[in-house]
Each structure stands twice: as structure tokens, then as C-alpha cells.
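To start, the structure itself, in C-alpha cells.
The values are calculated or read from the model by the stated rules, or taken from the named source; none is laboratory data. Since the structure is predicted, the reported quantities are computational estimates derived from the model, not experimental observations. Cβ sites come from the backbone with ideal geometry, for glycine too, and all protein chains shown count toward neighbours.
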Amino acid sequence: MHAGEDEYDGVAYEQLSFREVDWTESALHIRTRSRRTGRTNEFDVEPEWASEALSDPRRLVGSARSRSGIAVLVLGWSPSAPARHGNGFGRLLKVIVIPKDHPPRSRWWGATAMDANRADRRYYEELP
């Protein structure tokens, strides 16, 4: 299994680099979440916002616990995404990526991205 508890293919999660993320296969998927799910309260994510979340210096990285064992989950802050409430910007996103290389280097496929849920936000906010 590639994505373990503390590392991915021998690389500690906090050492993973997400410099190059390819959203070509999933850009439409993340931009149309509300239409696809039929729930107007779902948040549609722009690939740029998801990439910002991956670059967050406070991001949380770990296994996405996928069946394949290859997906990585990142909780990160996107300063350009619309705020959850009211006017303004900034939102915590949950982003799932899959490495293009093994062991992972800096090239990834963007798989999906969504608004972080309440538990995710609480966990992120508890960070030092």
C-alpha cells in the first residue's frame, strides 16, 4: 500500500511537494459539484483554489484511505476562494490528489476538491 499512516512510499506526508498539479481530467468535475449532486448548497471549486489549498504552509496531509491506496488527502486554506459566510475571501478545502510518480515527487493528478466539513474545520483550527 502506497499511502500509509505516516508516509507515502517512504516519504513523510509533511515532506510531500504539490508544485505541479494537473487538473485537466477533473476541472469540470470540481467546478460542477452542485449540479452533479443536485444539491444547490454544495460548493463548486475552481482548480486554482484547490491548488492554493495544496500550497498552504499549515496544510494537513495524509492518506485519503482510498481502496487503491494511492490517493492523498490535503486540508488546506485557499485565500482566493469565497468565504463560507458573508462577503470576503478565504475557505478551507479538502483536496484529493494522486501522484504521477512513485515514490511521489512534485507531480500530481488532481482528483477532486470540496468544501471542508465541520469536523475538518475544527481539526484544522486546533493546529498550533
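Data overview
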| item | result |
| --- | --- |
| Restricting region 18-73 to residues that are under 26 Å from E7 (Cα atoms) and of a type in the set (V, I, T), the residue that is surrounded by the most Cβ atoms within 10 Å (Cβ to Cβ) | V72 |
| Any chance D56 is touching a strand residue (DSSP E or B) at 6+ places or on another chain (Cβ under 6 Å), on the phi < 0 side of the Ramachandran plot and without any contact (Cβ under 8 Å) to a residue 40 or more places away in the chain | yes |
| Selection within region 74-107 - in contact with a helix residue (DSSP H, G or I) (Cβ under 8 Å, 6 or more places away or on another chain) and buried (at least 17 other Cβ atoms within 10 Å of the Cβ) | V74, L75, G76, W77, S78, A81, R91, L92, L93, K94, V95, V97 |
| Test: L73 is of a type outside the set (V, I, T) and in a strand (DSSP E or B) | yes |
| Of all residues in region 109-122 being in a strand (DSSP E or B) and touching a helix residue (DSSP H, G or I) at 6+ places or on another chain (Cβ under 8 Å), the one that is nearest to T24 (Cα to Cα) | G110 |
| Per-region count, region 1-59, residues over 14 Å from S106 (Cβ atoms), of a type in the set (S, T, N, Q) and modelled with pLDDT of 90 or more | 4 |
| Residue count for region 1-37, restricted to those that are part of a strand (DSSP E or B), hydrophobic (A, V, I, L, M, F, W, C), in contact (Cβ under 8 Å) with a residue 40 or more places away in the chain and out of contact with any Gly (no Cβ under 7 Å at 6 or more places or on another chain) | 1 |
| Any pair with Cβ under 7 angstrom, 6 or more apart, that starts in region 97-110 at a residue that is within 18 Å of R59 (Cα to Cα) and ends at one that is in a strand (DSSP E or B) and of a type in the set (S, T, Y) | P104/Y8 |
| Residue that is over 20 Å from Y8 (Cβ atoms), touching a residue at least 24 places away in the same chain (Cβ under 8 Å) and touching a strand residue (DSSP E or B) at 6+ places or on another chain (Cβ under 9 Å), where the choices are A81, A64, A50 | A81 |
| Residue that is nearest to K94 (Cα to Cα) [pool: residues in region 38-51 that are in contact with a Leu (Cβ under 8 Å, 6 or more places away or on another chain) and part of a helix (DSSP H, G or I)] | A50 |
| Qualifying residue in region 21-37 (condition: touching a helix residue (DSSP H, G or I) at 6+ places or on another chain (Cβ under 8 Å), of a type in the set (A, V, I, L, M) and closer than 28 Å to P128 by Cβ) | yes |
